[in-house]
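Each reported figure results from applying straightforward, stated rules to the coordinates on display, with no laboratory input. Quantities reported herein were computed from a predicted structural model and do not represent experimental measurements. Methodologically, a virtual Cβ is constructed for each residue, glycine included, from the backbone with ideal geometry; neighbour enumeration extends over all protein chains shown.
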């Protein structure tokens with residue numbers, strides 16, 4: 001006789017499959033998107049395979065993505081399938097542990113600074129261990145979950161994963177300081193009041209860029225932004241503030257057409273080619289930095305991010321972070337349009 005599984009057991013059954021479905025679909029979308037748009041592949045955002053052969057990395061990711069989706073779509077699996085899936089996901093988990101070890105080696109050497117010293121790879125490793133546990137979750141053959149409740153739970157977990165994915169990137173990657181000697185410091189624009197005063201967020205960005213300049217990490221600062229809400233352009237207000245803080249005007253370049261993050265990345269790389277700037281530091285608030293990294297990646301360039309030093313308590317920080325979750329996904333999907 002078949003009995004219904006209790007709600008908490010239905011949820012326990014659905015959670016690892018929802019997580020697996022999200023990771024599998026994300027990995028597959030990257031691989032398929034790369035076939036249409038060069039540079040689309042963002043699998044590096046969740047796992048960095050230690051191999052040197054891109055073809056083998058792609059093959060392993062494709063196989064792993066298929067296995068993740070396969071596991072998510074089957075409630076019961078024969079023993080042979082469970083062993084194969086466990087072996088596959090264990091390889092991914094091992095790669096995540098390797099990423100974690102690399103992160104802490106960089107932290108201990110002083111190459112990067114992290115006030116929130118938890119790498120995103122730790123969350124990935126935890127998710128993969130959760131999936132492996134789901135493969136072997138004990139369950140009676142007489143138990144049958146309500147399909148509506150089960151698929152509803154899976155859908156909720158996929159949506160929650162989609163929300164937490166960029167949020168965790170903000171807290172892990174965004175708060176990590178990758179400062180190092182460079183050729184130029186790019187400071188991203190933000191609100192300027194009609195009288196030319198910088199908003200709290202922009203003041204923090206400009207001060208951080210100026211501190212990097214005074215530390216001797218780069219001989220040039222590039223201020224990028226849009227027209228603002230008043231007569232004073234964002235970049236002009238940023239330059240004026242930097243000069244007040246002791247940066248010579250000759251060391252400052254303006255990009256008045258940086259209306260958004262993608263345009264700033266594109267314009268910066270054009271200027272970099274003109275001025276022969278090879279290494280770029282990008283400054284903004286921590287929640288903005290993952291999207292900046294993604295924008296430069298999509299334009300085929302590396303960038304090293306530095307979170308703006310906290311001076312003020314941003315009143316709308318939760319709103320900014322929620323908005324950034326949506327913005328990250330828009331930037332991620334946009335090349336496919």
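Listing for the model above:
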{"item": "Using alpha-carbon coordinates, inclination of helix 289-298 to the longest axis of the chain, degrees", "result": "90"}
{"item": "DSSP bridge pairs, the range 184-336: antiparallel proportion in percent, nearest 5", "result": "5"}
{"item": "Antiparallel bridge percentage (DSSP; both residues within the chain; nearest 5)", "result": "10"}
{"item": "Mean Cβ neighbour count within 10 Å, used as a protection proxy, ranking 240-251, 191-202 highest first", "result": "191-202, 240-251"}
{"item": "Highest-first arrangement of 222-228, 123-129, where packing means the average Cβ count within 10 Å", "result": "222-228, 123-129"}
{"item": "Folded to 0 to 90 degrees: helix 200-214 orientation relative to the chain principal axis, Cα", "result": "70"}
{"item": "Acute angle (nearest 10 degrees) that the helix 234-244 long axis makes with the longest principal axis of the chain, alpha-carbon atoms", "result": "60"}
{"item": "Projected-area mean, the range 3-174, by convex hull of Cα positions, square nanometres", "result": "11.2"}
{"item": "Sorted by Cβ density within 10 Å, fewest first, the residues 170, 238", "result": "170, 238"}
{"item": "Dimensionless Rg ratio for the chain, taking C-alpha atoms and the 2.2 N^0.38 Å reference", "result": "1.14"}
{"item": "Estimated 222 nm signal from helices in the chain, with DSSP H stretches of n ≥ 4 weighted -39500 (n - 2.57), rounded to 500", "result": "-19000 deg cm²/dmol"}
{"item": "Between the range 94-164 and the range 265-292, the Cα center-to-center distance that results, in Å", "result": "31"}
{"item": "Cβ-derived FRET efficiency at R0 22 Å, residue 38 paired with residue 270, nearest 0.05", "result": "0.75"}
{"item": "FRET E, pair residue 56, residue 315, Förster distance 45 Å, beta-carbon r, rounded to 0.05", "result": "0.35"}
{"item": "Per-peptide average of other Cβ atoms within 10 Å, ordering 173-183, 69-79 highest first", "result": "173-183, 69-79"}
{"item": "Residue order, fewest to most beta carbons within 10 Å, for 88, 268", "result": "88, 268"}
{"item": "Percent breakdown of C-alpha pair distances by 10 Å bin, ordered from the shortest bin, for the range 184-336", "result": "12, 44, 37, 8, 0"}
{"item": "Relative exposure of 221, 232, judged by other C-beta atoms within 10 Å (fewest first)", "result": "232, 221"}
